[in-house]
Amino acid sequence: MPTALISHPVSVLHEISPDHPECPQRIDVISDQLKKQDVYDYLIHFDAPKASSEQLLLAHGEAYVDHIHDSAPSSGTVELDGDTAMNAHTLDASLRGAGSGVVAVDKVMSGAVNNAFCLIRPPGHHAERNRAMGFCLFGNIAIAARHAIREYGLERVAIVDFDVHHGNGTEDIVDGDPNILFCSSFQHPFYPGGFRDNVSNQRVNTPLLAGCNSADFRGAISNSWLPALEAFKPDMLFISAGFDAHLEDPMANVCLLDPDYVWITQKLMDVADRHCNGRIVSMLEGGYSLPALSRCATAHIRGLAGL
């Protein structure tokens, strides 16, 4: 079955500030690389809808959702914190970022596609239940996972996050949820700071030292994530796909290479094939070296599509 690519034009209209690393060009370079490698037309394309308030409440408190709506400017920029701001298009882009995961779940669960990649921004894995931070407003991946549980009765879903920054927002939202296993690898010590202790069938945090190379990363994932996923036997797999652990990325100090993203994609697909009929929803998180981002995100999508 095919792979879905879910996006929306408003994703490139959101901008925090000129020359900010979380820039609109991040979407463009991935789209361009997909076309260059003749992958784009092979995918099944869907526009991301806006998430409903009910869907946002799967991950966030009502007062927080109201605060984000009320903060949205009609012009200019409003800062939510030192790293996170809204322009006139940010609310629309954020709602569609959250909605992309919802429609991805629906398409995968209906059998229309085998898996899906959400090419959206702003990212989501730093947004906590009641706090915007780290360029993120809504917990896109957590909303998608909770939607799968609520709408399709799934009992076990896994969220894996290979962004170089800890997925603190996802962790905050899903903490204590017996239906969700959360696995996150990240440089530590580094932004956003601390992380919670590991809990069987609940949480696998895998800190990586600055300078970590391919062998270190693959060993850490093989020794922590993969056994936990095998034991959990998820009904569906969600991926927070950040590409900022790459050697070329200016935002961190982990030294992964292009083949590492091929490797992790294949390992996760193997888990999905064994336990959940290949059902995967992957969503773009970080990645700030535009050349490395374009190559590695395309390699990830090629892997999902079996190309």
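FYI, it's all coordinate maths here, none of it is from the lab. Nothing here was measured: the structure is a model prediction, and the numbers come from that model. Here the Cβ is made from the backbone with ideal geometry for all residues, glycine too, and neighbour counts use every protein chain on show.
Rounded to the nearest 5, what % of the DSSP beta bridges within the range 3-305 are antiparallel ones?
Of all bridge pairs located within the range 3-305, approximately 15 percent are antiparallel.
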Could you give the length gained by full extension between Asp92 and Glu54, i.e. 0.36 nm per residue of separation minus their alpha carbon distance, to one decimal place?
12.1 nm
Using only Cα atoms, locate the centre of the range 79-97 and the centre of the range 191-205, then give the distance between them in Å, rounded to an integer.
27
For the chain, list the DSSP H helices whose alpha carbon atoms reach 24 Å or more along the long axis and whose average Kyte-Doolittle value is -1.0 or above?
90-110, 258-275
Based on other C-beta atoms within 10 Å, arrange Ile301, Ile149 from fewest to most.
Ile149, Ile301
Pull up the cross-link candidates among the lysines for Lys107, meaning alpha carbon to alpha carbon under 16 Å and not fewer than 8 places away within one chain.
Lys50
Compute the length gained on full extension between Ile44 and Val262: take 0.36 nm times their separation in residues and subtract their Cα-Cα distance, giving the result in nm to one decimal.
76.4 nm
Set of aspartates and glutamates with alpha-carbon distance to Lys233 below 20 Å, sequence-local pairs under 8 removed:
Glu151, Glu155, Asp161, Glu171, Asp175, Asp177, Asp270, Asp273
Spacing of the two label points (7 Å from each Cα toward its C-beta) at Asp66 and Asp28, in nm:
3.9
Is it possible to state the helix-based mean residue ellipticity at 222 nm for the chain, with each DSSP H run of 4+ residues giving -39500 (n - 2.57), the sum divided by total residues, to the nearest 500 deg cm²/dmol? What is it?
-12000 deg cm²/dmol
Anisotropy class of the range 17-160 from Cα gyration tensor, a/c 1.5 cut:
oblate
Exposure proxy ranking, count of Cβ atoms within 10 Å, fewest first, for Ser71, Ser282, Ser200
Ser200, Ser71, Ser282
Test of the criteria: in the range 25-105, which GluC sites (Glu not before Pro) are in a DSSP loop and have at most 15 other Cβ atoms within 10 angstrom of their Cβ?
none
